[in-house]
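Since the structure comes first, as structure tokens, the remarks are kept for the end.
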Amino acid sequence: MNVWQLILITLVKIIIIITILLLSVSYLVLFERKISAWAQNRYGPNRVGYWGLLQPFADVFKLLLKEDIVPEAANKFIHSLAPFIALFIAFSTYAVIPFGPQVKIFGEPIKLVVADVNIGVLYVLALTSLGVYGITLAGWSSGSKYSLLGGVRSSAQMISYEVSMGFSIAGVLLTAHSLRPIAIVNAQYGWMWNAILQPIGFITFTVAAFAETNRMPFDLPEAEPELVGGYHTEYSSMKFAGFFLAEYANMIIASAMIVTLYLGGWQIPYIDKLGLSMGLTTILQILAFVVKVGIMLFIFIWVRWTVPRFRYDQLMNLGWKVMFPLSLLNLIWAALLVMIFNL
Amino acid sequence: MSLYDVIFYLFALVTLVSAFMVVTTKNIVHAAFYLLFTFFGVAGIYALLGADFIAVVQLMVYVGGILVLILFGVMLTNKITNVQIRSGSTNLVAAAVVIGIFAGALLTMMLNTRWLVNPGKTLITTIPQIGSLLVKQYVLIFELLGILLLIALVGAASIARKEEREK
Amino acid sequence: MIHVSLTHYLVVSAFLFSFGLYGVVTRKNAVMVLMGIELILNSANINFVAFSKFGNYGLNGQIMALFVIILAAAEAAIALAIVLNIYKTFAHVDVDKINNLKE
């Protein structure tokens, strides 16, 4: 396999991933609206297409046709750049998340991940820390109080929760002996999912993931009652859609990360005992990954429509005084596991 | 010209052009923004040098930490709703001349010295080696840095809050 | 066309250092001076990593670069705390005008 072949295969993978991600993001919006309707005992979108299935396209057309308003006081350049930063970061994170085992297509072994890098987990952490920029710059460049407060809040929140997120991941890395996402999934063979081995880490990581994606109950940056719309108050049309898409793409990535790190990735326990053929096993495993991500997404949305928003000091207290010590505890627990059982 | 060379020139160009913009642009937030690209370029250069861990740490600490701090510094030390934050400059000509001479001297030295070039084998990943170096050979410095970071954390918090306590 | 070698990296780092120094010398705003310092630290780091690779010193150079990054984080935090304090006292952060010890 020469360099050009490798580049071609990677390009094909990127195109497939981006298409799937864009489609699933738009349908995730519909999914969320349907679940919120279910939670509030109403129908939700059901006019465009059967069961509202064409609603996402209608939404996109609506946003495309809206006027793009840039406030007078805004810093034009950064104001229009910020949504693209948010989108770019959201989509490029997906490069290292594996969604299936190695497969053979036309006799070539192909890994079902865009980039199998040996520092994959660090790459995700680095990109997550970049996520602050889109929001902070958007808030600042709009030239509006509400946007600015939303931006500042969001950066403080994301930096705080990054700490417990990093320490939770460290526990996973200890048991997997690797920073490579595929190796982490392979280490969770059988029933040894990290969610079972390190329940505290699973909880702290999930909470941190909620905070990093600015979802309820941590959506302080865009709290409607106090900040109008937060950092995207002054955005309209496709730029607003950029932030909107980035939020949902981040949700998918957070779910995929939780599944990869804690819920065994594409693994189905003891599937090799069933004696299925290779092809069927692979398809089942990819399906398992999709189903697990779907369940996590459902939990994300479910929590949003059930749990009320935290106050800002409660959020910071939870982050620093509860989640951070818990993630440290988990690290010690993981170290003990490795020391005693030689995992 | 191999692919490696092309990528190197690309990263070098990004780094140097954005670094130049950092020190010449008038708007402070634009400068912080260009600094982002400089850090990215430097991270790329580290990756080209086979230092994958350093490259990611560069992104995490510089871009994810230090630059956010700097942005906060910019926002909190100016009238924040004013988006046209400007910074004055002094002694432009004198500085340009002196630093031009200095850079010339530095470049002459770097181009004319016959460096002992003895490239070792490039490791696929540097993380296990860096990890064991940190907890074996450099363990004392590593621990001291931990203490230093703690002191810096406490110090920064206490310096920034002093005024409020006196009131 | 010559291949990229140690000298290429050193030249990049020399330019980066000069830009950083220029920023430190000419800027009035304290935050901008800080940005210049970050450029200088980055240029030194490129040298460390480059020599670490081309000089066959193992990973010692990379460890040094790592320590520099850690110190830079501590330095940035302290420096910005000081800058905030200066802003509270003088209502500006112009380093040329901050020359009295009494308020």
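The values are calculated or read from the model by the stated rules, or taken from the named source; none is laboratory data. In this text, all values refer to a predicted model and were calculated from it rather than measured experimentally. Every residue, glycine as well, gets a Cβ built from its backbone with ideal geometry; the counts of neighbours run over all protein chains shown.
Observations on the model:
- Residue check for A:Tyr161: part of a helix (DSSP H, G or I), more than 12 Å from A:Met257 (Cβ to Cβ), out of contact with any Lys or Arg (no Cβ under 8 Å at 6 or more places or on another chain) and hydroxyl-bearing (Ser, Thr, Tyr): yes
- Count of the range C:54-71 residues which are touching a residue at least 12 places away in the same chain (Cβ under 8 Å), surrounded by 21 or more Cβ atoms within 10 Å (Cβ to Cβ) and facing chain B (nearest Cβ under 8 Å): 3
- For the range B:10-44, the tally of residues that are facing chain C (nearest Cβ under 9 Å) and touching a strand residue (DSSP E or B) at 6+ places or on another chain (Cβ under 7 Å) stands at 1.
- The single condition among (1) in a loop (DSSP other than H, G, I, E, B); (2) exposed (fewer than 13 other Cβ atoms within 10 Å of the Cβ) that A:Gly100 does not satisfy is (2).
- Members of the range A:40-70 found to be part of a loop (DSSP other than H, G, I, E, B) and aromatic (Phe, Trp, Tyr), listed by number: A:Tyr43
- Pairs, first farther than 12 Å from B:Gly155 by Cβ in the range C:78-93, second of a type in the set (S, T, N, Q) and in a helix (DSSP H, G or I), C-beta under 7 Å, six or more apart: none
- Close contacts from the range A:71-84, counting a first residue that is in contact (Cβ under 8 Å) with a residue 12 or more places away in the chain and a second that is part of a helix (DSSP H, G or I) and of a type in the set (Ser, Thr, Tyr), with Cβ to Cβ under 7 Å and a gap of 6+ residues or different chains, come to A:Ala74/A:Ser141; A:Asn75/A:Ser141; A:Ile78/A:Ser141; A:His79/A:Ser141; A:Ala82/A:Ser141.
- Matching residues, the range C:23-33, being within 7 Å of chain B (Cβ to nearest Cβ), part of a helix (DSSP H, G or I) and either surrounded by fewer than 23 Cβ atoms within 10 Å (Cβ to Cβ) or modelled with pLDDT of 90 or more (or both): C:Val25
- In the range A:103-141, the residues that are assigned to a loop (DSSP other than H, G, I, E, B) and under 17 Å from A:Ala183 (Cα atoms): A:Lys111, A:Leu112, A:Val113, A:Val114, A:Ala115, A:Asp116, A:Val117, A:Asn118, A:Ile119
- Of all the criteria given as (1) farther than 21 Å from B:Val57 by Cα; (2) at the interface with chain B (Cβ under 9 Å from one of its Cβ atoms); (3) in contact (Cβ under 8 Å) with a residue 24 or more places away in the chain, the one not satisfied by A:Lys145 is (3).
- Odd one out for C:Ala14, checked against (1) over 10 Å from the mean Cα position of the chain (by Cα); (2) at pLDDT below 90; (3) facing another protein chain (nearest Cβ under 7 Å): (2)
- Positions within the range C:55-103 being within 24 Å of B:Leu67 (Cα to Cα), part of a loop (DSSP other than H, G, I, E, B) and either among the small types (Gly, Ala, Ser) or touching a Leu at 6+ places or on another chain (Cβ under 6 Å) (or both), in sequence order: C:Ala91
- Residue in the range A:226-240 that is surrounded by 22 or more Cβ atoms within 10 Å (Cβ to Cβ), modelled with pLDDT under 85 and within 28 Å of A:Pro181 (Cβ to Cβ) present: no
- Count of the range A:199-225 residues which are of a type in the set (Ser, Thr, Tyr) and surrounded by fewer than 23 Cβ atoms within 10 Å (Cβ to Cβ): 1
Per-residue answers, yes or no, for (1) more than 26 Å from B:Leu13 (Cα to Cα); (2) modelled with pLDDT of 85 or more:
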site: C:Ile40; (1), (2): no, yes
site: C:Ile78; (1), (2): yes, yes
site: C:Ala81; (1), (2): yes, yes
site: C:Lys88; (1), (2): yes, no
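- Annotation: C:Val49 fulfils all but one of (1) under 22 Å from B:Phe33 (Cα atoms); (2) within 8 Å of chain B (Cβ to nearest Cβ); (3) buried (at least 18 other Cβ atoms within 10 Å of the Cβ); the unmet one is (1).
- Selection of helices (runs of 4 or more DSSP H) fully inside the range A:231-343 by the criterion of at least 1 residues being aliphatic (A, V, I, L, M) and closer than 30 Å to A:Ala37 by Cβ returns A:237-262, A:278-304, A:312-317.
- Residues being on the phi > 0 side of the Ramachandran plot and exposed (fewer than 13 other Cβ atoms within 10 Å of the Cβ) - total across the range A:31-50: 1
- Filtered by the rule that a residue be in contact with a Phe, Trp or Tyr (Cβ under 9 Å, 6 or more places away or on another chain), among the aromatic types (Phe, Trp, Tyr) and within 22 Å of A:Leu81 (Cβ to Cβ), the range A:228-276 gives A:Tyr231, A:Tyr235, A:Phe243.
- Test: A:Ser129 is under 20 Å from the mean Cα position of the chain (by Cα), of a type in the set (S, T, N, Q), crowded, with 22+ Cβ neighbours inside 10 Å and closer than 27 Å to A:Ile340 by Cβ: no
- Checked against the criterion of being under 28 Å from B:Asp52 (Cα atoms) and within 12 Å of chain B (Cβ to nearest Cβ), the candidates A:Tyr133, A:Tyr161 yield just one match: A:Tyr133.
- Taken together, the residues in the range B:100-114 that are more than 7 Å from chain C (Cβ to nearest Cβ) and within 9 Å of C:Ala14 (Cβ to Cβ) amount to 1.
- Each residue in the range C:72-103 was checked for being of a type in the set (S, T, N, Q) and facing chain B (nearest Cβ under 7 Å), and 1 of them qualify.
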